[in-house]
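Here's the structure, in structure tokens; my notes come after.
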Amino acid sequence: MANQVEKKLNEVQYQTLQSERYVLLSTIDYETATPMVNAISWVYAPSAFCIRFAIDNRSKIVENIRNHPYIVITLITDDSTYAIKGKAVIEKDNIEGVPLKLAMIELTIEEVRDVMFYGAKIANAPEYEKTYDNRAAAKLDNQVMNALKI
């Protein structure tokens, strides 16, 4: 049902975020003060009240969050689309034990809003596949997701 608003993830949303998942991350560009959207997949919900994600620590996203910490994560699950809004904090500038230079960011959830337009549902959730070495991708994904669970 559209326009439903909660203060935390429901059980389906929480379970969806227990493994790598395609989501959209919206921040405010620190240079232009305009919206910026990125697709990310290293996301994990340690509880129904927060979401952690990893991104390249040289990404513009990090500086955006330093300057404008309120962000939105768009999650597609359970036949709908949800905008998860809150304040983000850079927990680690460099995640140890991962071969890439990644930052760990944690979003404290303030609002989960069903933003699906009236009279519709998602028929097929987005799917993606890695376009580089499958073994290397699986190893890296495992390292990053394990780091987010600490």
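The values are calculated or read from the model by the stated rules, or taken from the named source; none is laboratory data. Predicted, not measured: the structure shown is a model, and the values here were computed from it. Neighbour counts run over all protein chains shown; Cβ positions are idealised from the backbone, glycine included.
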Note on segment 14-58: residues under 17 Å from residue 98 (Cα atoms), acidic (Asp, Glu) and loosely packed, with under 15 Cβ neighbours inside 10 Å are 56
Residue pairs within 9 Å by beta carbon, gap of at least six or interchain, first lying in segment 134-150 and in contact (Cβ under 8 Å) with a residue 40 or more places away in the chain, second surrounded by fewer than 17 Cβ atoms within 10 Å (Cβ to Cβ) and of a type in the set (S, T, N, Q), listed first then second, are 141/41; 145/19
Taking segment 87-112 and keeping only residues that are among the basic types (Lys, Arg) and either surrounded by fewer than 16 Cβ atoms within 10 Å (Cβ to Cβ) or farther than 28 Å from residue 68 by Cα (or both), one is left with 87, 101
In the set 90, 95, the lone residue that is in contact (Cβ under 8 Å) with a residue 24 or more places away in the chain, in contact with a helix residue (DSSP H, G or I) (Cβ under 9 Å, 6 or more places away or on another chain), closer than 29 Å to residue 142 by Cβ and assigned to a loop (DSSP other than H, G, I, E, B) is 95
Answer yes if at least one residue in segment 59-67 is more than 23 Å from residue 142 (Cβ to Cβ), surrounded by fewer than 17 Cβ atoms within 10 Å (Cβ to Cβ), under 13 Å from the mean Cα position of the chain (by Cα) and not small (Gly, Ala, Ser), and no otherwise. no
Counted residues in segment 98-125 being assigned to a loop (DSSP other than H, G, I, E, B) and either β-branched (Val, Ile, Thr) or in contact with a strand residue (DSSP E or B) (Cβ under 6 Å, 6 or more places away or on another chain) (or both) come to 5
Flagged pairs (Cβ under 6 angstrom, 6 or more apart or on separate chains; first in segment 22-45, more than 24 Å from residue 150 (Cβ to Cβ); second assigned to a loop (DSSP other than H, G, I, E, B) and at pLDDT 95 or above) are 28/68; 36/29
Checking the structure you have, find out if any residue of segment 64-75 is touching a helix residue (DSSP H, G or I) at 6+ places or on another chain (Cβ under 7 Å) and within 15 Å of residue 12 (Cα to Cα). yes
